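Undergrad: Attaching a single structure in structure tokens format; questions to follow.
The values are calculated or read from the model by the stated rules, or taken from the named source; none is laboratory data. Owing to the predicted nature of the structure, the values given are computational and were not obtained by experimental measurement. Heads up, the Cβs are rebuilt from the backbone with ideal geometry, glycines too, and the neighbour counts pull from every protein chain shown.
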Amino acid sequence: MDQASALMREADRAMRRLSTELADVGMAGVGGIDVSTMAQAFDVWFDNIFSDWSVRNRITEASRRTDDAAAAVHRVRTGLTARHRELSDAVDRLAARREDLLLDPA
């Protein structure tokens, strides 16, 4: 459980960094995973069926948030790929136009 929590916290930090970088290019950020340490403490101190059920529910919720985060990253990647393609095409058009102007200044 400790390793899973550490990995979730690491993923949450990465998602927050991604959101910061996306803001730099005018795109909406992606949500974090939001990991709580309360579940671990609850499970250690009250190791019974109720805490196990609570931890299971938290794991299910964390899995859902992780899936949502992965989908958000995929959408961002798709959007950035499209934006890169558009900008690359625009640069190519501008370079061709520049060449035309340099060859025929009339």
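Undergrad: Inspect all residues belonging to the range 81-95 and state whether any of them is over 24 Å from residue 26 (Cα atoms) and assigned to a helix (DSSP H, G or I).
TA: yes
Undergrad: Quick check on the range 10-24. Is at least one of its residues under 30 Å from residue 87 (Cα atoms), modelled with pLDDT under 75 and loosely packed, with under 11 Cβ neighbours inside 10 Å?
TA: Yes - at least one qualifying residue is present in the range 10-24.
Undergrad: Report, ordered by the first and then the second residue, all pairs with beta carbons closer than 9 Å, sequence separation of six or more or different chains, a first member in the range 7-30 that is over 15 Å from residue 66 (Cβ atoms), and a second member that is at pLDDT 75 or above and of a type in the set (S, T, N, Q).
TA: Between residues of the range 7-30 that are over 15 Å from residue 66 (Cβ atoms) and residues that are at pLDDT 75 or above and of a type in the set (S, T, N, Q), the close pairs are 28/19; 29/19; 29/20.
Undergrad: If the requirement is being at pLDDT 75 or above and part of a helix (DSSP H, G or I), which of these qualifies: 70, 62?
TA: Answer to the selection: 70.
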